[in-house]
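See structure below.
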Amino acid sequence: MNQTGLKTTCAYCGVGCGVTVPTENDRRVNVSGDAQHPANRGRLCVKGTHLGDVLPLKDRLLVPSVHGEPVSWDLASQTIADKIRQAQAQYGANSVAFYLSGQLLTEDYYAANKLAKGFLGTANVDTNSRLCMASAVAAHVRAFGEDAPPSCYEDVEIADLVVVTGSNLAWAHPVLFQRLQAARAEQPSKKMVVIDPRKTATALEADLHLAIKPGADGQLFNALLVYLDKHQACAREYIAEHVSGYAQTLAAATLDVGTDSRIQAELCGLPEADLLAFFALFAQTPKTTTLWSMGINQSESGVDKSNAIINVHLATGRIGQPGASAFSITGQPNAMGGREVGGLANQLAIHRGFDADSIAQVGAFWQASHMAQKPGLKAVDLFDACLAGDIKVLWIMATNPVASLPDANKIRAALAQVETLIVSEVVQSTDTLDCADIRLPALAWGEKDGTVTNSERTISRQRPFLIAPGQARADWWALATVAKKLGFSDAFAWHHAHEIFREHARLSRLNRATALSFDLSAVADLSLAEYQDWLPQQWPLDGTTRTPRLFGDGQFPSHDGRAQMVPISPISVDQPDGGDYILNTGRLRDQWHTMARTGYAMALNQHSPQFELHIHPNDAEHNAIVNGDLVAVRSDLGSFYALARIDAAQQPSELFAAMHWNRQFASHGGVANVIASRVDPISGQPASKHARVQLAKQTSQANGFLFIGDGQPAPDWLNELLWFKTHTRQGTLYRFFSLQQSLADFIALRSQDGTPCTMSLTDSSQQSAQWIGQDAGGLQFWLSIHRAATPWPDSLFLDRAAEQPNPGLSLNALLTGQQDDAPIRGKIVCTCFSVSDSQITDFLQSHAQASLSTLQTALCCGTNCGSCLTEVKTLVKDKASAQTASADALC
Amino acid sequence: MFSDLANNPPDDTLLIIGFGMATARLLNRLADLGYPGPICVVSREKNVGYNRIQLTPWLANPEADIDLNLVNATVLARLNIRILAQTDVVSFSADLHRVRLSDGSEMPFARAVIATGSQPVLPECDFRSQPAIRAFRTLEDGYFLRALPEQSHVAVLGGGLLGLEAAWGLRQLGHRVTLIHRNNHLLNRQLSAPLAALLANSFVKAGITLRLKRQIRAIDSDPRLASITLDNAEALPVHCLIAAAGIRPNIDLAQRAGLATGQGIQVNEALQTSAGHIFALGECTEFAAQTFGLVAPVYAQAEVLAQRLMGGASEFALTQTDTRLKISGLDVFSTGQINHPKAQVLSLVDQYQQRGRTLHFLNHRLIGAELLGDLSLANYCQDLIQTKHPISDPRDVILGRLQNAA
């Protein structure tokens, strides 16, 4: 900690950027990028830039409770210990389970894993990382013998070709994308190929975009292998020395896709020329790095697809070389850390599995009283076991499976079967917490103290700079407290996260006798002061020469030291037919997971405030859907509602919706309702990217908006409606629809709710009505309901009215929710400077010769975090091509 | 009955019976126009020609110097006028152009104006023996109310303009006031429910108890007024009951004279009764099946009648009746049709700033407007109604968008 402030690590994605916090114990702090951190070198994306916005204590969970009754930690932990003891006595060790999260710090993860697998004798410990990169983990193990990603971020800068597949890198891992873009800008010969069914922000920047048929990635990489072999582009020598399985793999690939590039292109739904262009580029470019993420992993053949990617890199010897590697980019801040300690049910600890030696060695180190003997249940199976009544006590920490696992209705039913559901959370309500019997207040970012590991194996500190609010406590502390109540005082006698870190590092020393690369033994005796001053470091930390990459020497941590190419024949996935659609899911630029944190940041809610379903224009026309229409998406399992967004970047018959919405933000939940819990048979990772659904336009009787200032309760009548919710700075904005009730019914309902209303506009023809509540403090609520389409209010305006004692606003403004004569703001593109698309297009209209830089000089858009640059550039490009077109028309 | 008719041919006296606000206005106009002939005004009241409308502020502010006189000496001096106060007309012969007065004398006239006004509708009881049960119509009523002991409990019957004014004035004097109204909202002739509710709030806030949709079932006044019982059996102990539940035109004299009457004395557009030389003016009249309780049409009548008496051809016609006044510190404006069953009604209520607008639209035209607390749209709405201006979005009108644009 130097004069420039306290250094910590961002709470969001797996890039793991360093963050500098200027002052301590300030919940209104502005954070900046840590210029010394190797992951970001000072850069931050829009979510990271607004980390300070999620610090206020609005809706924080601050006291433990049992069945809704606030209790002391002592009573809560005693109750948990009693329930665990009872369940295990009556139903056996495996009746107790833990479901953890890539949001946890390594120390928290370690404590949970040690308690379960070493002292409770249950390996039913899984984590939401199962939803994120379990397929890549399994592929790593199959190919390398260990879940050890061989690459580092520098590779994307060094590479001459970067292949991005199954990843909207620009939005999901923005800082890594910016590093790639900066390198490309410096050296324009560098190429980027993006493989994605959608024309994403990443695809817009590609030299070549392959809009692949959903699910055909395995075929594509099989075809690439066939091509590489046919064109003698494989590294024969490297294969001979370091790689097994080449012939079988090639044979399987040939069987899968044949050798005819025309047929291969058809299988992938791509123009043959594009396919061949990609293959040629790949073959010719030694420094090729392939990045992949959830688009590959969240599939019924996610492991095979990951191996298909690794196969072509092994076949070309491009593993662990500078700029040449196969690189799985993890979604979460500590997905990697969780894997290190054994957070997945099929892992024991320190990259060890459940072989007798490992069980014995780890058990001895822990002085474990009851070691788990075999792998536990993976996420989907775990919740199926809950549904079957086999799990009696389940402790969920820092994750929201009802919203994030497929088939939300099933998960909710499963949780209802668990006798004692314990949930550790930072907010008062999530879809999962709402099911809990015991609620434990956890620490949030800025309060937590420990370490995280990012996608390139760099361990960084998350440091606390805020005083823990209320009764919120560290997750490891909660686990250790319960462990002590269970009689395991000696094994859980930690006083500080540092002691856990050191114990974990000492445990990893066991790997010295193995070929495994995970080893932290060099820091096993780290002092507290050294832990506090920890600088970001990549593992392995075995005390020998550091290397940013693994396996560059061709030595792999497998039984014979060789890498394994894996023959794969990916199963083909559902294709749309008979009027059905294929739903794809993914992330938004400015939101994170189930929005329990980013959902509270006003700035982050501006970019995509609505829950939208992206529909190809032809499909929209076919269903008579226009922008903003309420639409229902249904599968056999359930349905969700969203607002239509007609989007030419979609393929016909394919729909897209963001995965963030759940019942906290949408009355009827989100995409999890319709996705089947089909999993990859090896990794157990659900196929969340792919659901066959029906689409239907919904006709509402009435629709409207409700703004409620902070501290005001939501009215009961909302329960009768269909709504979407956004947090604003001073309150909450609901967009609602009434499918059954007419506006008259609604008005009657509303008149009964007793909310003191100080202003109203009613219309006997019942086309619309508005109500407003104001007190001396400002606007308390604003309610506007219409029979026809309703104009959006300006939430910034409502926020201002909510915080001004006497807003002094015109009637018009108060009743329309917009400033008088305010131009329509449009969609916010640049969150940092709050610049909308209409502002940008207006500027471009009035400045015919404007370039990106003149635009940026004028409006600042994209000059801070740069997350919006792709969108800004697209607007400039669209304007330029429109001008060319009109110039052509004039000629 | 009348003596010596043949010997006393009708002289040229203009006889005016009653000296209320209508007569006061008529005299002012006649003075302006230089009416030459003799005028005799006969009035039952001691005080003549005072401004009833100012009775409320006069009542509420005993210290304020409020001039209630509508006719001053200068005006009267310009006329050839005789005023007989505290005098009643005992009998009236239209044919014989003659009246007999309560002092026993007879008076001939050429033309007569009946301006006997109206009387309040009082509850059914022997109110004549109960000074504590009375209307709020006369200066005498005003003096009585001013003299009430402090913190008297007063019930006011009627939630129209007069009742609201009385209740407000009495509350300002510190009395405990209960306002009883048979309709389910106050001021139901001028306002529809939303703004009436807003107005009601200001009364409740001022400490006035409201009993809406209630009537008086019984009055315990033996020997003195002690309590009243409402139709829901609620008993209210009261010291005083003010009846402001409407008026009844005073038509007894006209009936006795054999003139045509309905609710009031029927007049034509020249304000002539069924006898051509007898005119009627003000609250005692009925024109086109309507009676009158507001000052504006009465003053319009006075103007027409003054012209007629001067030999002119002016005609009285019903015009849109606007109400524009202040009650309980709130400006109230009402114009046009506010109870058309097919109208689209938009209502804006702002309790925070004590203001409201209710607008009535039919076939894309504004037909009626109610404004409370903020009359900034009053003239604009009047224009829209009179010009039948087509309106595409009623919200533009009620939010004042078009007005702002104009």
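The values are calculated or read from the model by the stated rules, or taken from the named source; none is laboratory data. These numbers were taken from a predicted model, which means no experiment stands behind them. Cβ coordinates were reconstructed from backbone atoms using ideal geometry, including for glycine residues, and neighbour counts include every protein chain displayed. We work out accessible area using only protein heavy atoms, side chains counted, and drop any ligands, DNA or RNA first. Shrake-Rupley method; radii C 1.70, N 1.55, O 1.52, S 1.80 Å.
Restricting region B:372-406 to residues that are touching a residue at least 60 places away in the same chain (Cβ under 8 Å) and open to solvent by less than 50 Å² (accessible area, probe 1.4 Å), the residue that is nearest to B:Leu161 (Cα to Cα) is B:Leu372. The residue that is nearest to the chain's Cα centre (by Cα), counting only those in region A:306-360 that are charged (D, E, K, R) and open to solvent by 10 Å² or more (accessible area, probe 1.4 Å), is A:Arg352.
Going by the structure shown, is A:Leu613 closer than 17 Å to A:Leu655 by Cα and either part of a loop (DSSP other than H, G, I, E, B) or open to solvent by less than 20 Å² (accessible area, probe 1.4 Å) (or both)? Criteria met by A:Leu613. Scanning region A:726-763 for residues that are over 16 Å from B:Val349 (Cα atoms) and within 11 Å of chain B (Cβ to nearest Cβ) yields nothing. Residues of region A:602-626 being within 21 Å of A:Thr790 (Cα to Cα) and of a type in the set (D, E, K, R), which ones? Result: A:Glu612, single match. Checking the structure you have, find out if any residue of region A:466-480 is over 25 Å from the mean Cα position of the chain (by Cα), in the same structural domain as A:Gly342 (by TED's automatic domain parsing) and among the charged types (D, E, K, R). No, the conditions are met nowhere in region A:466-480.
When you look at A:Thr453, is it hydroxyl-bearing (Ser, Thr, Tyr), closer than 26 Å to A:Arg339 by Cβ, at pLDDT 95 or above and touching a Gly at 6+ places or on another chain (Cβ under 8 Å), yes or no? The answer is yes for A:Thr453. Filtered by the rule that a residue be more than 22 Å from B:Thr13 (Cβ to Cβ) and at pLDDT 80 or above, region B:32-57 gives a lone residue, B:Lys46.
Restricted to region A:794-806, and to residues there that are in contact with a strand residue (DSSP E or B) (Cβ under 9 Å, 6 or more places away or on another chain) and either surrounded by 18 or more Cβ atoms within 10 Å (Cβ to Cβ) or in a helix (DSSP H, G or I) (or both), the residue that is farthest from the other protein chains (Cβ to nearest Cβ) is A:Ser795. Restricting region B:276-290 to residues that are in contact with a helix residue (DSSP H, G or I) (Cβ under 9 Å, 6 or more places away or on another chain) and free of Cβ contacts under 8 Å to residues at least 60 places away in the same chain leaves a set whose member that is nearest to B:Val113 (Cα to Cα) is B:Thr285. Put simply, of B:Leu230, B:Leu195, B:Leu199, B:Leu225 the only residue that is touching a residue at least 40 places away in the same chain (Cβ under 8 Å), within 14 Å of another protein chain (Cβ to nearest Cβ) and open to solvent by less than 60 Å² (accessible area, probe 1.4 Å) is B:Leu195. Test each condition in (1) without any contact (Cβ under 8 Å) to a residue 60 or more places away in the chain; (2) crowded, with 23+ Cβ neighbours inside 10 Å; (3) part of a loop (DSSP other than H, G, I, E, B) for A:Asn627 and report the one that comes out false. With respect to (1) without any contact (Cβ under 8 Å) to a residue 60 or more places away in the chain; (2) crowded, with 23+ Cβ neighbours inside 10 Å; (3) part of a loop (DSSP other than H, G, I, E, B), A:Asn627 is out only on (2).
The residues of region A:778-793 include none that are open to solvent by 40 Å² or more (accessible area, probe 1.4 Å), in contact (Cβ under 8 Å) with a residue 40 or more places away in the chain and within 12 Å of chain B (Cβ to nearest Cβ). Checking the structure you have, find out if any residue of region B:318-327 is more than 21 Å from the chain's Cα centre (by Cα) and open to solvent by less than 50 Å² (accessible area, probe 1.4 Å). No, that holds for no residue. Only one entry of A:Ser683, A:Ser667, A:Ser688 meets the criterion of being open to solvent by less than 30 Å² (accessible area, probe 1.4 Å), within 26 Å of A:Lys199 (Cα to Cα) and in contact with a helix residue (DSSP H, G or I) (Cβ under 8 Å, 6 or more places away or on another chain), and that entry is A:Ser688.
Screening A:Trp661 against (1) open to solvent by 30 Å² or more (accessible area, probe 1.4 Å); (2) part of a loop (DSSP other than H, G, I, E, B) leaves a single unmet condition, (1).
Based on this model, can you work out whether B:Arg82 counts as in contact with a Cys (Cβ under 6 Å, 6 or more places away or on another chain), surrounded by fewer than 16 Cβ atoms within 10 Å (Cβ to Cβ) and either touching a residue at least 24 places away in the same chain (Cβ under 8 Å) or assigned by TED's automatic domain parsing to the domain that holds B:Leu164 (or both)? It is true that B:Arg82 is in contact with a Cys (Cβ under 6 Å, 6 or more places away or on another chain), surrounded by fewer than 16 Cβ atoms within 10 Å (Cβ to Cβ) and either touching a residue at least 24 places away in the same chain (Cβ under 8 Å) or assigned by TED's automatic domain parsing to the domain that holds B:Leu164 (or both). Checked against the criterion of being part of a strand (DSSP E or B) and more than 14 Å from chain A (Cβ to nearest Cβ), region B:299-322 contains not a single residue that satisfies it.
Restricting A:Arg546, A:Arg506, A:Arg512, A:Arg502 to residues that are assigned to a helix (DSSP H, G or I) and at pLDDT below 95 narrows the list to A:Arg512. From the list B:Leu164, B:Leu186, the one residue that fits, being among the aliphatic types (A, V, I, L, M) and under 15 Å from the mean Cα position of the chain (by Cα), is B:Leu164. Scanning region A:52-67 for residues that are closer than 23 Å to A:Ala483 by Cα and either open to solvent by 60 Å² or more (accessible area, probe 1.4 Å) or modelled with pLDDT under 95 (or both) returns A:Val63, A:His67. For region A:764-771, the count of residues that are in a helix (DSSP H, G or I) and within 14 Å of chain B (Cβ to nearest Cβ) is zero. Could you tell me which residue of region B:328-346 is surrounded by the fewest Cβ atoms within 10 Å (Cβ to Cβ), considering only residues that are among the aliphatic types (A, V, I, L, M) and assigned to a strand (DSSP E or B)? The extreme case among them is B:Leu330. For region A:76-192, the helices (runs of 4 or more DSSP H) that sit wholly inside it and include 1 or more residues that are farther than 30 Å from A:Glu447 by Cα are A:134-144, A:154-158, A:174-186. A single member of B:His364, B:His360 is open to solvent by 20 Å² or more (accessible area, probe 1.4 Å), within 13 Å of chain A (Cβ to nearest Cβ) and closer than 24 Å to A:Gln770 by Cβ, and it is B:His364.
Residues in region A:465-483 that are open to solvent by 30 Å² or more (accessible area, probe 1.4 Å) and in contact (Cβ under 8 Å) with a residue 40 or more places away in the chain: A:Ile467, A:Gly470, A:Gln471, A:Arg473.
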